[in-house]
Amino acid sequence: MVGIDAQNKNILDRKFICSDCSLVLRDPVQLSACGHRLCHSCFLNRNQTLITCSQCQIQTPSDQILIDRAFNNEMQTLSIICSYCNWTDTLQNYEEHLQQLHSNPICQYCSQQFNSIDQFNQHKASQCQNILIECLLKDFGCHQQIVCSELSNHYRSEQHQHSIANILQQMKSQLKDSVMTSNRMDTDSDYTLNQLEEVEKTMNMFRSGGEILEEDVKQLSSELAEHENKLRNLTENISQMKLSIEEETALLEGMKQNLDILNQDLVLLEEKMNDMQCTSYDGTFVWKIRHVQEIMSE
Ligand SMILES: [Zn+2]
Ligand SMILES: [Zn+2]
Ligand SMILES: [Zn+2]
Ligand SMILES: [Zn+2]
Ligand SMILES: [Zn+2]
């Protein structure tokens with residue numbers, strides 16, 4: 001289970017939004033060390049003895065985290081716009097509305113249907129590959145929304161690299177400004193400026209490295225295509241050879257059958273010959289006398 005989705009979640013006060021699932025808090029728990037809140041289920045999902053707040057990085061031992069009932073009560077009067085229709089009412093009536101009207105939601109990105117809002121929310125939070133998301137650098141040049149499964153491609157894109165370069169540029173000029181206004185070059189900002197320049201150099205190296213990699217990939221894929229072609233030709237040759245072998249085998253089979261028939265005929269003929277040697281056709285027996293010479297000489 002994750003938080004509660006709503007059309008107006010992005011315009012609500014940030015304190016009502018879970019920093020783990022980015023939805024409206026469901027059964028909020030408070031991190032005692034920093035005061036920020038999570039959904040109870042998102043806290044359980046962490047399954048850690050020390051919970052690091054994703055808003056401020058301060059750690060709270062998990063046995064010091066309790067359900068914040070007072071805050072939960074305060075939230076019930078929040079005005080909510082249903083995420084599936086234009087129903088608008090307070091949070092306390094939202095669950096009932098969802099149960100009554102949207103018990104089998106369909107994902108608008110991948111058309112999969114779900115048996116409960118909760119399953120659907122989990123799907124949207126982590127499983128849907130078609131969902132549109134925003135790049136973390138949307139304020140620095142990556143404006144358009146990106147299909148979730150394309151995100152790693154986006155990170156390698158020219159546009160995203162450009163956004164990173166933008167950030168570095170901005171950080172550098174801000175730092176220079178602050179140095180100018182404070183009118184002294186302390187060692188700290190000097191160091192930071194150097195670091196930034198290092199990062200910029202590394203970035204440029206990565207960029208040219210990326211271009212070389214892309215070239216390599218292109219070459220490899222053309223080689224692959226060539227090999228695939230050869231393989232296809234070979235496969236065709238093999239199947240042709242197989243066909244002609246089959247034809248020859250059939251031919252041989254036919255010849256063998258003919259030979260068998262001929263052999264049978266021969267046997268029959270032989271038998272007939274033998275019969276004929278013993279039979280006379282004019283009514284008298286013909287005696288066949290073997291070894292005539294031996295008999296005569298006796
Ligand atoms: Zn949450
Ligand atoms: Zn915090
Ligand atoms: Zn609705
Ligand atoms: Zn989906
Ligand atoms: Zn980006």
Give, in whole angstrom and from largest to smallest, the semi-axes √(5λ) of the equivalent ellipsoid of segment 33-83, with λ running over the eigenvalues of the Cα gyration tensor. 23, 12, 11
If you place +1 on the Cβ of every Lys and Arg, -1 on the Cβ of every Asp and Glu, and leave all else neutral, what size is the dipole of segment 9-128 about its Cα centre, to the nearest 20 Debye? 300
So how do 23-33, 125-135, 148-158 stack up, highest first, on mean other-Cβ count within 10 Å? 23-33, 125-135, 148-158
Diagonalise the Cα gyration tensor of segment 189-277 and give the resulting equivalent ellipsoid semi-axes, square root of 5 times each eigenvalue, largest first, whole Å. 84, 10, 4
Ranked by Cβ crowding within 10 angstrom, fewest neighbours first, how are I238, I164, I81 ordered? I238, I81, I164
With Rg and the Kirkwood Rh both taken from Cα atoms, where does Rg over Rh land for segment 9-128? 0.99
Scaled radius of gyration (Cα, divided by 2.2 N^0.38 Å) that segment 96-220 gives: 1.60
At a Cα cut-off below 23 Å, give the lysines reachable from K256, other chains included and same-chain residues fewer than 8 away excluded. K242
Let me check against my output: what whole-number percent is the relative contact order of the chain, with C-alpha pairs under 8 Å and at least 6 apart? 8
Hey, what D do you get for segment 169-238 in µm²/s if you plug the Kirkwood alpha-carbon radius into Stokes-Einstein at 4 °C and 1.567 mPa s? 80
Using the number of other C-beta atoms within 10 angstrom as an exposure proxy, rank R232, R290, R37 with the fewest first. R290, R232, R37
What lysines could a cross-link reach from K176, if we take a straight Cα to Cα line under 28 Å and drop same-chain neighbours fewer than 8 places away? K138, K201
Just for the Cα atoms in the chain, what are the lengths along the principal axes, largest first, rounded to whole Å? 149, 59, 39
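Taken together, the values in this text are just the output of simple stated rules run on the coordinates, not laboratory data. No experiment lies behind these values; they were computed from the predicted model shown. All Cβ positions, even for glycine, are placed from backbone atoms using ideal geometry, and neighbour counts span all protein chains on display.
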